[in-house]
1. Restricting to segment 51-69, name every residue that is modelled with pLDDT of 90 or more, in a helix (DSSP H, G or I) and farther than 20 Å from Phe20 by Cβ.
2. Out of Ile18, Ile43, I need the residue that is within 20 Å of Ile78 (Cβ to Cβ), open to solvent by 70 Å² or more (accessible area, probe 1.4 Å) and within 16 Å of the chain's Cα centre (by Cα). Which one?
Amino acid sequence: WTGKGSPWLLLPAALSLIAFVWLLTLHPAASGRVYATYGAIYIATALGWLYFVDGVTPEWNDYLGVGLALAGAGFIAIGHRAA
């Protein structure tokens, strides 16, 4: 094991992922659209983690990537409603 924490941390992580996937199946709309939006928010949160926790200042391409991900999620969400 090369991580910083105990391998036992994988158990709650796996259970959380299983719960998340199960909750996606309960959504009345297409769960793939919900998952795409979640992915964009996850990317934005990861950039915040990079700055606030890791102490690394993001570069312009990091911000561009987050912007593109959020814009893509917006197109998916808004485009579905317009159709």
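The values are calculated or read from the model by the stated rules, or taken from the named source; none is laboratory data. Predicted, not measured: the structure shown is a model, and the values here were computed from it. FYI the Cβ positions are ideal-geometry reconstructions off the backbone, even for glycines, and counts take in every protein chain you see. Ligands, DNA and RNA are excluded from the accessible area calculation, which covers all protein heavy atoms including side chains. Shrake-Rupley method; radii C 1.70, N 1.55, O 1.52, S 1.80 Å.
1. Kept after step one, since they are modelled with pLDDT of 90 or more, are these residues of segment 51-69: 51, 55-69.
From what's left, in a helix (DSSP H, G or I): 51, 60-69.
Those that are modelled with pLDDT of 90 or more, in a helix (DSSP H, G or I) and farther than 20 Å from Phe20 by Cβ: Tyr51, Trp60, Asn61, Asp62, Tyr63, Leu64, Gly65, Val66, Gly67, Leu68.
2. On inspection, the qualifying residue turns out to be Ile43.
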